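The values are calculated or read from the model by the stated rules, or taken from the named source; none is laboratory data. Please read all numbers here as calculations on a predicted model, not as lab measurements. Just so you know, the surface numbers come from the protein's heavy atoms only, side chains and all, with ligands and any DNA or RNA stripped out. Shrake-Rupley method; radii C 1.70, N 1.55, O 1.52, S 1.80 Å.
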Amino acid sequence: MSRQLLVLNGPNLNLLGEREPGVYGRQSLADLEDNLRAAFPEVDFSFFQANGAGALIDRLHQAHATGVGGAVLNPGGLAHTSVALRDAVAAVALPVVEVHLSNVHAREDFRRRLVVAGACEGVVAGLGPRGYPLAVQHLVEHGSTGSTGARERG
Ligand code: DQA
């Protein structure tokens, strides 16, 4: 059965590759998505990036309704501020893994506060683009199949 997974990226991540490359690297979001498709041919990915919380929340609701098996979420700066995004993750009851390219614990103090992460299954931070396939691997091994929308931990 093919697994449906959602990969959500928040504000400013559309600028990956050109945005503060010393912090976020030189790989573009399109390259990162291509690499995920190549690494997990068995996964049916949906990729979505938005610069506002509302669009990310709408996409999570939609994923839940259509039986997606889990999501990788890099909330960008919303990770540190958005109660609404956290509530959406909690509401949809999908396994969600939060990813940060940079080590948010080794940067400014305000980045240590992770508002959304408490509703997520886990967090990968500081491993650059490699964090995404690690999160996907977790969802493939421990997420639901996406066929029912129900959570099946294995
Ligand atoms: C980020 C870390 C956030 O603090 C920042 O606002 C981002 C990117 C990361 O992937 O390292 O936009 O989520």
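Listed values, structure above:
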{"read-out": "Under 5 Å, built H, 5+ apart or other chain: amide partners of VAL124", "value": "GLU98, VAL99, HIS100"}
{"read-out": "Accessible area expressed per residue, the chain, with surrounding protein chains retained (probe 1.4 Å, Å²)", "value": "46 Å²"}
{"read-out": "Karplus (6.51, -1.76, 1.60) ³J(HN,Hα), θ = phi - 60°, over segment 52-59, in Hz, Gly and Pro reported as x", "value": "x, 5, x, 5, 5, 5, 4, 5"}
{"read-out": "Long-range HN-HN contacts of GLY70 with modeled amide H, under 5 Å", "value": "LEU6"}
{"read-out": "Of all accessible heavy-atom area on the chain, the percent that carbon and sulfur account for (1.4 Å)", "value": "50 percent"}
{"read-out": "For segment 93-112 and segment 1-74, distance of Cα centres in Å", "value": "15 Å"}
{"read-out": "Long-range amide H partners of ARG3 with built H, under 5 Å", "value": "ASP44"}
{"read-out": "Helix 83-92 axis, angle to the chain major axis (alpha carbon atoms, nearest 10°)", "value": "20 degrees"}
{"read-out": "³J(HN,Hα) computed for each position of segment 17-29 - Karplus, 6.51 cos²θ - 1.76 cosθ + 1.60, integer Hz, glycine/proline x", "value": "x, 10, 7, 5, x, x, 9, 10, x, 10, 7, 7, 5"}
{"read-out": "Equivalent ellipsoid semi-axes - Cα gyration tensor, the chain, angstrom", "value": "23, 18, 14"}
{"read-out": "Table column - 3J(HN,Hα) (Hz), segment 8-16, Karplus curve with 6.51, -1.76, 1.60, x for Gly and Pro", "value": "10, 10, x, x, 6, 6, 5, 9, 3"}
{"read-out": "Full-extension gain in nm, HIS61 to GLU18, via 0.36 nm per residue minus C-alpha separation", "value": "12.4 nm"}
